[in-house]
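Notes for the one structure printed next.
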Amino acid sequence: MVPLTKLTATRIQPPKISDCNTNLVSKRLKCLSLLKKCTSMKQLYQIHAQIQISGLQSDPLISKSITHFCALHPNGSLSYVRLVIRKSNNSMLSSWNNLIRGYSVRNTPKQALWVFLSMRGRGIRPNRLTYPFLFKACAAIGAIKVGRQIHTDALKRGEDSVIYVQNTLVLFYGSCGKINYARRVFDEMTMRTIVSWNSIVSACIENDRIKDSMELFVRMRDCGFETDEVTMVGLLSACVGLGNLSLGKWVHSQVIEKGLIVNCKLGTSLLDMYAKCGDVYCAGRVFDRMDERSVWTWSAMILGFAQHGCAMEALALFEKMNGGAIKPNYVTYLGVLCACSHVGLVEDGRRFFHEMQDLHGIKPVMAHYGAMVDCFGRAGLLREAYTFIAKMPVKPDAVVWRTLLSACKIHDINDYSGVGEKVGKSLFELEPRSGGNFVMIANKYADVGMWENAERVRRGMRDRGLKKMTGVSCVQVGGSIHRFFSGDDSHEACEGIHLLALLNGLNLHSKMVDYEQSF
């Protein structure tokens, strides 16, 4: 036992200020370490509670780490970030930027714009890290007016010259259909990266400026930029737009030559290019060699099979896909319905159409309705197709009506069912200024010898001053694509083409004469 005199003489020394600081720094480092290892909101709640007890809630680095996890981690919570910011008296700009970025990348772009307005309402000024995700949010919803206002704000603050702000500006204007604005931003850039070139090439492709995209690609190569996976995906989309299989094969050869990794996105683009350019065999080879496949990969292959008459292969692939962990999407079912249409599987098509909605909760779009009408029409079920259109929850477009009208010309040319007449009236009401509709209906009358009705329709077309859009054919010769328009003799090789046709006709005539003389 310690003597009383000794206890009385013992004094407890107060902690030194340096010791307090050391302890605080230690707690701070520990909290930051725990936040880096955090994997769930439950863990974050516990760590945040300790931070509150330790008095470190105002530490800027800790606040940034909390908002970064909540906003960008797959298991994070954006609502918790908003709560943290609202309770904070002096919220940092980085926290707001994380929240805007979180909403932008999680497909809730409108919320990102509302957060930006709230941030400005608190008097917090944006910086160069704020604008890129705002432009991405505007691009996602096509908010051209809001995006231009934000562009003006960036211009006032001198942030519009930052390269990653300019890259997202090109993306924004291209996604909103303002390709001239996108080109202007790109042309005014003093420094460009591979992202800049990829952005403008993709913008041109999205706006059907395929020729411009190819010219920009050549310029990019001349400037010494090496292509990457993103570039190749864009070029493959251009090949699809041009329908140029040879160019698509060249792009594929460049992928192999440069040793690029054929990831899921690039592999799917290669497959899609081959399928849409008519080479289903090569599409299947690419599909079989892919190690990783997404729902878009499966859907592209199923739709490719269906559109090229390989209906049973498409349905077999769909069954194989259902046996795995990947759930189908709306494109998958579009391919399945097209396959059923081509082989006359009406009941299977009907079953898949209801399964799409009831089992997977996929809301049909106009293309699905059109595929079902085509399925009924090819099988000659014209009245059923008309009833199906009448019961559609959305107003049918002209493509759906024209699909049924084409079926009427095949299965009921005399219009005994009366469906053709009803479809014609619906088409005229929907598109009163479309010359193609007048021509289709006039030809339908002419096919059955109803010349007076045919002339009446054509007279109505002339009285309205309408003309049918000129037909165009494309022929690829020696790597070049030649376009021929109906009734147009302005092609430079037109004289040679007519001469060749004359020679072929004379050759055929001489063979027929020789054949007759032999008897």
(message) Given the condition hydroxyl-bearing (Ser, Thr, Tyr) and either under 28 Å from residue 86 (Cβ atoms) or in contact (Cβ under 8 Å) with a residue 60 or more places away in the chain (or both), answer yes or no: does some residue in the stretch 133-153 qualify?
(response) no
(message) Suppose the filter is closer than 30 Å to residue 146 by Cβ, open to solvent by 50 Å² or more (accessible area, probe 1.4 Å), at pLDDT 80 or above and aromatic (Phe, Trp, Tyr); does residue 114 pass it?
(response) yes
(request) Identify, from the list 82, 120, the residue that is basic (Lys, Arg), open to solvent by 60 Å² or more (accessible area, probe 1.4 Å) and either part of a loop (DSSP other than H, G, I, E, B) or more than 25 Å from residue 42 (Cβ to Cβ) (or both). (result) 120
(message) Could you go through the stretch 217-234 and let me know if any residue there is more than 25 Å from residue 163 (Cα to Cα), without any contact (Cβ under 8 Å) to a residue 40 or more places away in the chain and under 17 Å from the mean Cα position of the chain (by Cα).
(response) no
(message) Could you list, ordered by first residue, the pairs with Cβ atoms under 7 Å in which the first is in the stretch 72-86 and at pLDDT 80 or above and the second is loosely packed, with under 15 Cβ neighbours inside 10 Å, at least 6 apart or interchain?
(response) 75/39; 75/40
(message) For residue 362, only one of the following conditions fails: (1) under 23 Å from the mean Cα position of the chain (by Cα); (2) in a helix (DSSP H, G or I); (3) surrounded by fewer than 21 Cβ atoms within 10 Å (Cβ to Cβ). What is its number?
(response) (2)
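A quick yes/no check of all residues on (1) part of a helix (DSSP H, G or I); (2) more than 26 Å from residue 231 (Cβ to Cβ); (3) out of contact with any Leu (no Cβ under 7 Å at 6 or more places or on another chain); (4) of a type outside the set (A, V, I, L, M, F, W, C):
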{"residue": "116", "(1), (2), (3), (4)": "yes, yes, no, no"}
{"residue": "147", "(1), (2), (3), (4)": "yes, no, yes, yes"}
{"residue": "165", "(1), (2), (3), (4)": "yes, no, yes, no"}
{"residue": "177", "(1), (2), (3), (4)": "no, no, yes, yes"}
(message) Among the residues of the stretch 87-95, are any modelled with pLDDT under 90, touching a helix residue (DSSP H, G or I) at 6+ places or on another chain (Cβ under 6 Å) and either under 23 Å from residue 197 (Cβ atoms) or β-branched (Val, Ile, Thr) (or both)?
(response) no
(request) Could you please give the count of residues in the stretch 85-110 that are of a type outside the set (Lys, Arg), under 28 Å from the mean Cα position of the chain (by Cα) and open to solvent by 60 Å² or more (accessible area, probe 1.4 Å)? (result) 2
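The values are calculated or read from the model by the stated rules, or taken from the named source; none is laboratory data. Predicted model, so just to flag it, every value in this text is computed and none were measured. When we count neighbours, we look across all protein chains shown, and the Cβ atoms used for this are built from the backbone with ideal geometry, even at glycine. For the accessible areas, the whole protein counts, side chains as well, though only heavy atoms, and no ligand, DNA or RNA atoms are used. Shrake-Rupley method; radii C 1.70, N 1.55, O 1.52, S 1.80 Å.
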